[in-house]
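Each remark here refers to the structure printed beneath this line.
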Amino acid sequence: MESHKPMFQVENFDDEFVQKLVYDALVWCSLHGLVVGDKTYQKSGTVPGVGMTHAPISLLPTQFPESYWKQACEVAPIFNELVDRVSLDAKFIQDSLSRTKKADIFTSRLLDIHSKMLESNKKEDIRLGLHRSDYMLDEETKSLLQIEMNTISCSFPGFGRLVTELHQSLLRSHGDHLGLDSERVPKNTSNSQFADAMAKAWLEYNNPRAVVMIVVQPDERNMYDQHWLSSVLREKYPLLYLSLAEVETEGSVQEDGTLIVDGQEVSVVYYRSGYTPRDYPSESEWNARLLIEQSSAVKCPSIAYHLAGTKKIQQELAKPGVLERFMDNKDDVAKLRKCFAGLWSLDDPEIIKKAIEKPELFVMKPQREGGGNNIYGDDVRENLLRLQKEGEEENAAYILMQRIFPKVSNVFLVREGVYHRDQAISELGIYGAYLRNKERVIINEQSGYLMRTKVSSSDEGGVAAGFAVLDSIYLN
Ligand code: ADP
Ligand code: MG
Ligand code: MG
């Protein structure tokens, strides 16, 4: 007996029943704040409560094998530890990114800040990491492979919990008809765990009057995900919301390193901006980033944590023998390595030749975050050929990655009040929180999850970027 196998077959549902589910889901989203700014309203990215629409969602949780779910949860604290170790090895970071620096101005500017911190011998005693490690389940090799490790501005810790609760609620109401059990959607406390880690960082900083500063984009339609996090903190901890440009005008660092913004001492800086070149339209934003980095506030992330999450570092870590430099425990090394897909730099002629012959088996990635930046299919070939002509330097802006092919399933995607039945693939993100003060590790845990599902014909992911929808998982 395969008792856990759900009976539900999306193909069998009649339209009337699905419409009813969609209606209930949309009511739930509206009542519970699973909403984003509606781009047709000009003020929806700046004024809360104006121009809201439900977040793009998958109507039902997507099936995911329990063994892989456990594997992904189990490696979360190990990845947290790895990021911390890498962040302390300034030479490894600088050396690994030295060629990238010449080819990519954004990485180069980040590295400059990192270098300045090294010159002034700046140490981060209290280190707070709020990460999300993303995976796809490769259908061919039946393995859980990491897409990337995000160390800055990981989106949807607020909505991860909400979309899980939405699905659990729908299954409680309609589970019998669907043949689904709400208990098989794992609990998700992403929001409170991230908030708790921020609160504990605030405690470590140890000044009851100091504030938590959330660095935001000036126009942010995904503001409610962030407000969910701050709603947990707000009653106990004073919060400030500022853009990088505002930090430049309102902020200063005192002789002893204290960061003062708007006349208040800042203990923890949480970035929901600063991860893409678009967040730095002028020198003001770079000045603000440097100012914060020079201060004694706890930065989530520090420049070193940020750089440790770059795709180039991911590729360097996948080289033989490199993980062993950072992790002593052989079992841990094996668990991490098991999740690594093929990763290569573009100075390997063998792999370039292969990728030009079979570009569909590769993804070409620049050092960018936020979705919509990668190169796929025939464009991989074209770009590789172009880079071969242009010579050595330019190719260091990219890495090559083995393309992962997850299982395609039938799902209902709901956007702007309308549902579509489509063939889709999913990416599982596991949140991880890490907090330490010198030698004392205060938090190192898996902190909830987020599934993202997108039509299988789309190469890119990213919910905010408009490719994917929010989802949760149904264990089987
Ligand atoms: P970003 O930091 O911009 O999110 P990612 O590495 O996560 O960059 O890539 C963006 C999206 O591209 C992913 O969400 C995923 O949908 C797709 N993608 C990335 N790497 C691969 C891969 N190796 N195989 C298949 N799809 C991939
Ligand atoms: Mg990313
Ligand atoms: Mg990503």
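What follows draws every value from the coordinates through simple rules; no lab data is involved. Computed from a prediction, not measured in an experiment: that's the story for all the values here. We place every Cβ from the backbone using ideal geometry, glycine too, and count neighbours over all the protein chains shown.
At a threshold of 8 angstrom on Cα-Cα distance, excluding pairs fewer than six apart, so keeping six or more, what relative contact order does the chain reach in percent? Normalised by residue count, the contact order of the chain is 26 percent. Of the peptides 389-395, 267-273, the order by per-residue mean of other Cβ atoms within 10 Å, starting with the highest, comes out as 267-273, 389-395.
What order do you get for 327-336, 132-141 when each peptide is scored by the mean count of other beta carbon atoms within 10 Å, highest first?
Result, highest mean Cβ count within 10 Å first: 132-141, 327-336.
Annotation: average projected area of the chain is 23.1 square nanometres, based on the convex hull of Cα atoms across all directions.
Candidate cross-link partners of K116 among the aspartates and glutamates, defined by an alpha-carbon separation under 19 Å and a same-chain spacing of 8 or more, comprise D89, D95, D104, E124, D125, E248, E255, D256, E283, E285, E293. Other residues within the sphere of radius under 14 Å centred on the Cβ of S231, judged by their own Cβ, net out at 0 (K and R +1, D and E -1). Under the convention that each Lys and Arg Cβ holds +1 and each Asp and Glu Cβ holds -1, the size of the dipole of the stretch 342-403 around its Cα centre is about 220 debye.
Restricting to DSSP loop positions (anything but H, G, I, E, B) with no more than 13 other Cβ atoms inside 10 Å of their own Cβ, which trypsin sites (Lys or Arg not before Pro) remain in the stretch 1-83?
Counting only loop positions with at most 13 other Cβ atoms within 10 Å, the trypsin sites (Lys or Arg not before Pro) in the stretch 1-83 are K39.
Pairs with C-alpha atoms separated by more than 20 Å, drawn from the list K122/K438; K101/K338; K142/K338; K299/K365; K101/K311; K122/K236, are K101/K338; K299/K365; K122/K236.
Treating the beta-carbon of each Lys and Arg as +1 and of each Asp and Glu as -1, no other charges, what is the dipole magnitude of the stretch 199-356 about its Cα centre, to the nearest 20 debye?
For this selection, approximately 880 debye.
Taking the three principal axes of the alpha carbon atoms in the stretch 342-403, the coordinate ranges are 28, 23, 19 Å, sorted in descending order. Charge dipole of the stretch 151-220 (Cα centre as origin; +1 on each Lys and Arg Cβ, -1 on each Asp and Glu Cβ, all else neutral): 180 debye, rounded to the nearest 20. Ellipticity at 222 nm from helices only: DSSP H runs of n ≥ 4 in the chain, each -39500 (n - 2.57), divided by the residue count, give -12000 deg cm²/dmol. Just tell me which lysines come within less than 16 Å, Cα to Cα, of K389; anything on the same chain fewer than 8 places away is out. Qualifying lysines at Cα under 16 Å: K353.
Find out how many positive minus negative residues lie around R386, taking Lys and Arg as positive, Asp and Glu as negative, among other residues whose Cβ is under 12 Å from that of R386. Summing Lys and Arg as +1 and Asp and Glu as -1 gives -2. Taking other residues whose beta carbon is less than 12 angstrom from the beta carbon of R221, and scoring Lys, Arg as +1 and Asp, Glu as -1, yields -2.
Report the Cα centroid-to-centroid distance between the stretch 364-427 and the stretch 101-159 in angstrom, as an integer. Here the two parts' Cα centres lie 18 Å apart.
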